[in-house]
Structure formats: C-alpha cells, structure tokens
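Student: Below is a structure I'd like to ask you about.
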Amino acid sequence: MTETIKKEIITTAQVKEILDSVKQDDMDQIQRWTADYVGKFAKTDAKTAREMVKQLVEKCDLTTEEAVEIVNVMPTSMEELRAFTFGWKKLILTETLEKMLNILKVDSQG
C-alpha cells in the first residue's frame, strides 16, 4: 500500500505535468488511464493553470476547489460560466463572472 505524503487539489494540467515525468513503463494501469485522460482534456499547461487558480482565488473570491473546477472546464462564455457555477451555494455577481472570464481568456492566450 502506498503512503499518502500530501493531499492537494490540483488541475488536470498539473496532473498531466506530474504524469508526464513518469515513464509509461513505470505506470500502473490506473496511472496510464489517467495520463491518457489528462492528455486529452487538460485545457492549458500546468504553469498557466496554477496562475489562473491563484488569480481566481485572489481576484474573484473563489475557494481553491472552485477555481480548480473552473480552470479544468475553461468556460468561454458568460452562459457557460453561469451554467457551471449555478450549482454552487453562493451568488456570484455578473461583474465577478466577467472578471473570471477575463482571467481565463488572458491566461489561456499565453
């Protein structure tokens, strides 16, 4: 059994970065499936994802968990962002949603 050293919520881009550092031959089946998944669905690189999460937490008053969810999905429109955040148990002002979209647009363009 593997010992848990640290628990941290990270984006799919960060998972991809971690798994990219492991040789395919050294991975178990679940790690291979995960590497395949994040290779297909990571929307940006790990450095950009970390910066986006940081900005969303600082500028938009999101929790780390909420910021990671947003970065993983990378909504591109107000409607998509509203639909995604609708399930959260808090009201998010249109101004904040616009800030969130701007953070995602600026950072995703590199």
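Student: Quick check on GLU58: is it under 18 Å from ASN102 (Cα atoms) and assigned by TED's automatic domain parsing to the domain that holds THR94?
Tutor: Considered against the rule, which asks whether it is under 18 Å from ASN102 (Cα atoms) and assigned by TED's automatic domain parsing to the domain that holds THR94, GLU58 comes out as yes.
Student: Given the residues LYS89, LYS47, LYS54, which is the only one that is more than 15 Å from the chain's Cα centre (by Cα) and within 19 Å of ILE9 (Cβ to Cβ)?
Tutor: It is LYS89.
Student: Right, something else. Please work out which residue is farthest from the chain's Cα centre (by Cα), limiting yourself to region 9-44 and to residues that are of a type in the set (A, V, I, L, M) and not in a loop (DSSP other than H, G, I, E, B).
Tutor: Out of the qualifying residues, it is ILE30.
Student: Another question about this same structure. If you scan region 65-101, which residues turn out to be in a helix (DSSP H, G or I), of a type outside the set (D, E, K, R) and free of Cβ contacts under 8 Å to residues at least 40 places away in the same chain?
Tutor: ALA67, ILE70, VAL73, MET78, LEU81, ALA83, PHE84, THR85, THR94, THR96, LEU97, LEU101
Student: Yes or no: LYS6 in a loop (DSSP other than H, G, I, E, B) and not polar (S, T, N, Q)? Steps first, answer last, please.
Tutor: On the way: in a loop (DSSP other than H, G, I, E, B): yes; not polar (S, T, N, Q): yes.
In short, yes.
Yes or no, residue by residue, for (1) under 19 Å from LEU104 (Cβ atoms); (2) surrounded by fewer than 19 Cβ atoms within 10 Å (Cβ to Cβ); (3) outside the structural domain of ASN102 (by TED's automatic domain parsing); (4) touching a His at 6+ places or on another chain (Cβ under 9 Å):
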site: THR4; (1), (2), (3), (4): no, yes, yes, no
site: VAL22; (1), (2), (3), (4): no, yes, yes, no
site: MET27; (1), (2), (3), (4): no, yes, yes, no
site: ASP36; (1), (2), (3), (4): no, yes, yes, no
site: THR64; (1), (2), (3), (4): yes, yes, no, no
site: ILE70; (1), (2), (3), (4): yes, no, no, no
site: GLU79; (1), (2), (3), (4): yes, yes, no, no
site: ARG82; (1), (2), (3), (4): yes, yes, no, no
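The values are calculated or read from the model by the stated rules, or taken from the named source; none is laboratory data. In this text the structure is predicted, and so the values were computed from the model without any measurement. Glycine gets a Cβ as well: all are built from the backbone with ideal geometry, and neighbour counts include every protein chain shown.
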